[in-house]
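*Asks:* Pasting in a structure now, in structure tokens, and then I'll have a few things to ask.
The values are calculated or read from the model by the stated rules, or taken from the named source; none is laboratory data. Here the structure is a predicted model, which means the values were calculated and not measured. Reconstructed Cβ throughout: ideal geometry from the backbone, glycine too, with neighbour counts over all protein chains shown.
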Ligand code: HDE
């Protein structure tokens with residue numbers, strides 16, 4: 001593990017302060033281009049890793065693999081799009097150096113034309129995201145319930161996963177309070193299967209027809225187009241307080257689940273109930289879960305807000321750095337299975353209602369395979385931006401149910417790709433292309449890149465020898481499972497069971513630990529505190545009264561409003577402990593430890609802590625008054641953050657490594673190399689690091705002047721989560737604290 005963590009430390013930077021290690025490891029240094037190109041360059045060598053294999057085309061006539069890569073970029077000369085070599089791209093063609101630009105400059109015209117069209121519409125929802133390639137290794141444990149080939153024993157399937165926020169635009173911050181998307185494309189041997197899920201297991205609406213309403217309400221106000229990527233505004237709360245089926249999802253958003261610590265530490269859920277079909281044709285209803293190996297962890301709200309300013313790309317960077325360094329994030333895919341009964345209910349829970357979960361205590365999640373993300377996109381646009389997910393991309397063995405939300409999604413996702421990707425041929429884009437042979441008889445259309453062969457793209461035909469042929473009835477997809485369709489009349493109505501909007505909201509609330517409840521209360525108080533409309537706040541309080549009187553009373557107190565009475569009897573429901581994120585311990589891989597030093601007093605201690613952090617699979621970042629390399633007494637120690645560039649939110653714990661004790665020369669001491677003021681109890685930036693980390697429930701350790709520093713910040717060395725030792729030996733205790741994610745006893749000091 002040490003190697004991996006060491007690499008993360010390097011990737012996680014070098015950073016702005018970086019010394020000689022600055023830059024992205026793994027990437028060869030790019031030499032500055034010569035100012036004057038040689039007049040007669042030698043004939044370029046083939047690209048370094050020559051991927052040109054035998055020329056291959058897919059069954060649809062598209063180039064694949066190496067051939068495809070060659071089409072993107074080849075040769076060492078700059079050319080036009082037509083492949084004509086260019087001697088100059090810095091000057092437009094003019095009638096004399098000061099003369100007018102000439103219309104005949106095709107290179108100028110082509111260059112600007114292409115640039116002007118570089119953007120495609122961003123996704124109408126989930127516009128902001130990050131993605132990675134990986135592999136799914138199946139355990140074979142789902143074989144009994146699904147005949148899907150990728151779920152058979154020990155099958156390895158390439159995957160591409162895109163994580164996202166929902167409301168913000170493409171350039172918005174990562175750490176906003178929002179639901180997160182968790183969409184996975186499985187390139188199975190039987191075709192593409194997309195599992196397009198979220199990090200919250202329920203949805204705001206039960207019927208797809210309400211999707212534009214909830215999204216219009218959550219997006220910025222139409223007149224001012226603010227706020228960006230926020231739910232803390234009137235239109236959102238107006239809608240969810242009137243449309244109470246949104247209560248359960250909104251409560252999850254207001255919980256710590258709305259501000260994940262990392263994409264690597266999020267659960268994922270398919271949300272809807274799907275139907276599995278096994279080789280014998282027997283059906284089982286199922287809910288999909290992704291369980292992160294690193295556990296489920298969140299930021300605290302103040303941390304999330306600060307990060308949105310100091311590092312808006314926090315989640316994107318975290319995912320990229322982890323993968324780049326070899327700390328590959330992993331999730332187990334799990335399934336909850338239910339008998340496929342005529343009523344599609346389980347223990348009184350309507351399986352077709354996407355605002356409901358089935359508690360894990362009632363239906364355990366059985367692991368069926370392991371997802372490992374092991375490669376970053378090599379081109380963000382081509383992959384993360386152009387990937388097109390669709391709930392209708394199903395393979396034999398997995399089928400949709402009559403969940404009305406899922407039905408609407410199956411209809412909607414094709415539509416969005418026409419606008420976003422410019423036509424019906426988006427499945428031909430490399431990232432969307434199936435790894436199974438394609439012979440689809442779909443032809444022509446905008447951006448057709450395949451050169452189809454044959455003369456008879458219709459069935460039946462004799463001119464192409466009847467080709468392509470049908471799959472056997474038991475192997476093909478979209479063979480409808482012969483389930484009964486309930487008889488009924490055409491109505492615009494929902495079943496009565498969909499009318500229960502509060503019982504599971506109450507279950508969620510009751511399942512939270514006290515500290516998680518505090519966070520929920522603070523979140524509602526903050527969000528509603530940002531609203532202007534009194535009626536909206538009052539109506540939301542009335543909704544909260546139907547979840548829990550304490551929740552309602554506390555939020556009302558925060559808003560300075562009277563506590564309304566519940567309009568419905570409180571649901572008699574039992575908690576589901578599996579919903580809480582607090583109380584368990586988790587692996588520490590990839591956690592980031594800040595080691596704050598003055599660069600002079602105890603460099604041996606700094607080295608020891610750094611080593612121990614690496615040994616534990618975590619990432620040590622040395623924080624010093626100025627950048628560079630500290631080498632006062634032996635092996636050099638690279639500074640990754642300076643007091644100017646460090647902010648507590650980047651760290652999971654802080655170690656104050658032998659800083660000068662109080663009373664030492666507070667501002668006069670100088671770092672030997674950089675000549676910067678040494679950190680002492682007096683440095684306000686060190687105090688800010690400390691007090692923020694304390695408020696956010698982070699473990700703190702130190703020796704030397706640490707105790708004095710803690711005291712100056714009003715933090716007693718006796719408190720939980722504070723470790724003061726004589727030297728660098730406090731680390732084992734620190735690791736124990738970290739495995740619980742935060743020092744939970746310290747709340748409600750921070751929210
Ligand atoms: Fe989506 N959703 N959605 N959604 N959704 C899109 O498709 C839509 C819903 C989810 O990383 C869009 O390609 C409707 C539930 C994710 O590319 C769009 C309805 C869940 C992503 C769309 C829903 C999701 C999307 C926008 C109600 C969780 C990002 C761009 C019927 C289970 C995928 C695009 C990515 C994206 C429509 C409801 C998850 C517009 C109409 C429920 C993770 O087609």
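*Asks:* Within the stretch 365-381, which residues are part of a loop (DSSP other than H, G, I, E, B) and touching a residue at least 24 places away in the same chain (Cβ under 8 Å)? Walk me through it before giving the result.
*Replies:* From the stretch 365-381, those part of a loop (DSSP other than H, G, I, E, B) are 365, 376-379; that's our starting set.
Residues satisfying the conditions are 365, 376, 377.
*Asks:* Still on this structure, I have one more. With part of a loop (DSSP other than H, G, I, E, B) and within 11 Å of the ligand (Cβ to nearest atom) as the only criterion, which of 395, 387 stands out? First the steps, then the outcome.
*Replies:* On the way: 395 fails: within 11 Å of the ligand (Cβ to nearest atom).
Exactly one residue qualifies, and that residue is 387.
*Asks:* With 479, 547 as the choices, which residue is in a loop (DSSP other than H, G, I, E, B), in contact with a helix residue (DSSP H, G or I) (Cβ under 6 Å, 6 or more places away or on another chain) and within 29 Å of residue 405 (Cα to Cα)? So that I can check it myself, show each step before the final result.
*Replies:* Numbers: 479 fails: in contact with a helix residue (DSSP H, G or I) (Cβ under 6 Å, 6 or more places away or on another chain).
Exactly one of 479, 547 is in a loop (DSSP other than H, G, I, E, B), in contact with a helix residue (DSSP H, G or I) (Cβ under 6 Å, 6 or more places away or on another chain) and within 29 Å of residue 405 (Cα to Cα), namely 547.
*Asks:* Also, quick follow-up: Picking from 110, 122, 118, which residue would you name as being within 16 Å of the ligand (Cβ to nearest atom) and outside the structural domain of residue 327 (by TED's automatic domain parsing)?
*Replies:* Working: 110 fails: within 16 Å of the ligand (Cβ to nearest atom); 118 fails: within 16 Å of the ligand (Cβ to nearest atom).
The conditions single out 122.
*Asks:* Another one. If you take the residues in the stretch 125-135 that are in contact (Cβ under 8 Å) with a residue 60 or more places away in the chain and either near the ligand (Cβ under 9 Å from one of its atoms) or in a strand (DSSP E or B) (or both), which one is surrounded by the fewest Cβ atoms within 10 Å (Cβ to Cβ)?
*Replies:* From the stretch 125-135, those in contact (Cβ under 8 Å) with a residue 60 or more places away in the chain are 125, 128-135; that's our starting set.
Now restrict to residues that are either near the ligand (Cβ under 9 Å from one of its atoms) or in a strand (DSSP E or B) (or both): 125, 129-135.
Working: 125: 18, 129: 24, 130: 21, 131: 24, 132: 24, 133: 19, 134: 22, 135: 15.
It comes out as 135.
*Asks:* Just to check your reading of the model, which residue among 425, 410 is surrounded by 15 or more Cβ atoms within 10 Å (Cβ to Cβ), within 16 Å of the ligand (Cβ to nearest atom) and more than 24 Å from the chain's Cα centre (by Cα)?
*Replies:* 425 is the lone residue from the list that is surrounded by 15 or more Cβ atoms within 10 Å (Cβ to Cβ), within 16 Å of the ligand (Cβ to nearest atom) and more than 24 Å from the chain's Cα centre (by Cα).
*Asks:* Determine if the stretch 81-92 includes at least one residue that is over 30 Å from residue 365 (Cα atoms), modelled with pLDDT of 95 or more and within 16 Å of the ligand (Cβ to nearest atom).
*Replies:* No - not one qualifying residue is present in the stretch 81-92.
*Asks:* Then there is this: Which residue is nearest to residue 288 (Cα to Cα), if the candidates are limited to the stretch 158-184 and must be more than 12 Å from the ligand (Cβ to nearest atom) and surrounded by fewer than 17 Cβ atoms within 10 Å (Cβ to Cβ)?
*Replies:* That would be 158.
*Asks:* Quick check on my filter: what residues within the stretch 138-157 are surrounded by 15 or more Cβ atoms within 10 Å (Cβ to Cβ) and not in a loop (DSSP other than H, G, I, E, B)?
*Replies:* Correct list: 138, 149, 150, 151, 157.
*Asks:* Give the stretch 712-734 a look and list any residue that's part of a helix (DSSP H, G or I), touching a residue at least 24 places away in the same chain (Cβ under 8 Å) and either on the phi > 0 side of the Ramachandran plot or out of contact with any strand residue (DSSP E or B) (no Cβ under 9 Å at 6 or more places or on another chain) (or both), or say none.
*Replies:* Answer for the stretch 712-734, where residues must be part of a helix (DSSP H, G or I), touching a residue at least 24 places away in the same chain (Cβ under 8 Å) and either on the phi > 0 side of the Ramachandran plot or out of contact with any strand residue (DSSP E or B) (no Cβ under 9 Å at 6 or more places or on another chain) (or both): just 712.
*Asks:* Oh, and also: Got a sec? Which of 522, 612 is assigned by TED's automatic domain parsing to the domain that holds residue 690, within 25 Å of residue 697 (Cα to Cα) and in contact with a helix residue (DSSP H, G or I) (Cβ under 8 Å, 6 or more places away or on another chain)?
*Replies:* Details: 522 fails: assigned by TED's automatic domain parsing to the domain that holds residue 690.
Of 522, 612, the one residue that is assigned by TED's automatic domain parsing to the domain that holds residue 690, within 25 Å of residue 697 (Cα to Cα) and in contact with a helix residue (DSSP H, G or I) (Cβ under 8 Å, 6 or more places away or on another chain) is 612.
*Asks:* Let me ask you something else. Report yes if residue 357 is away from the ligand (no atom under 15 Å from the Cβ), at pLDDT 95 or above, touching a helix residue (DSSP H, G or I) at 6+ places or on another chain (Cβ under 9 Å) and within 29 Å of residue 583 (Cα to Cα), otherwise no. First the steps, then the outcome.
*Replies:* Values: away from the ligand (no atom under 15 Å from the Cβ): no; at pLDDT 95 or above: yes; touching a helix residue (DSSP H, G or I) at 6+ places or on another chain (Cβ under 9 Å): yes; within 29 Å of residue 583 (Cα to Cα): yes.
Considered against the rule, which asks whether it is away from the ligand (no atom under 15 Å from the Cβ), at pLDDT 95 or above, touching a helix residue (DSSP H, G or I) at 6+ places or on another chain (Cβ under 9 Å) and within 29 Å of residue 583 (Cα to Cα), residue 357 comes out as no.
*Asks:* Just give me the residues in the stretch 647-665 being part of a loop (DSSP other than H, G, I, E, B) and modelled with pLDDT under 95, in sequence order.
*Replies:* Pass one, the stretch 647-665, residues part of a loop (DSSP other than H, G, I, E, B): 647, 651-652, 660-665.
Across the stretch 647-665, the qualifying residues are 660, 661, 662, 663, 664, 665.
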